[in-house]
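Input: a single structure, listed below in structure tokens.
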């Protein structure tokens, strides 16, 4: 089984850290587990788009995955999930809300004129 297949079968953030042998603080992972994994995925997609996986052997893939997990983890050690805004719900929280459409009733409709 390839490393990428093995990573896809993992069910917790802690398993990613253990499999890739990346040290972590349990308190950070407890708060930002989904954010860290999502950010790691963003980094991996960026590397794949840049061709980093092309021709890479299993050791190269593992090193790249380890590097991106460590980088994603460091993002959330230095910041917070809300500040990093990985998920759409956090991004939408900053966007200005459009004014709601309020129905307009002309005064003449009320007076019968």
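The values are calculated or read from the model by the stated rules, or taken from the named source; none is laboratory data. A quick note: this is a predicted structure, and the numbers were derived from the prediction, not measured. Note that each Cβ is placed from the backbone with ideal geometry, even for glycine, and that neighbours are counted across all protein chains shown.
Structural remarks
- Residues that are in a helix (DSSP H, G or I) and either surrounded by fewer than 17 Cβ atoms within 10 Å (Cβ to Cβ) or modelled with pLDDT of 90 or more (or both), drawn from the stretch 76-89: 77, 78, 82, 83, 88, 89
Yes/no matrix, rows are residues, columns are (1) over 26 Å from residue 88 (Cβ atoms); (2) touching a helix residue (DSSP H, G or I) at 6+ places or on another chain (Cβ under 6 Å); (3) at pLDDT 95 or above:
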| residue | (1), (2), (3) |
| --- | --- |
| 9 | yes, no, no |
| 12 | no, no, no |
| 22 | yes, yes, yes |
| 28 | no, yes, no |
| 38 | no, no, no |
| 53 | yes, no, no |
| 65 | no, no, no |
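- Residue check: residue 24 meets all listed conditions (1) assigned to a helix (DSSP H, G or I); (2) farther than 17 Å from residue 4 by Cα but one, namely (1).
- All conditions in (1) within 17 Å of the chain's Cα centre (by Cα); (2) over 23 Å from residue 88 (Cβ atoms) hold for residue 16, with the sole exception of (2).
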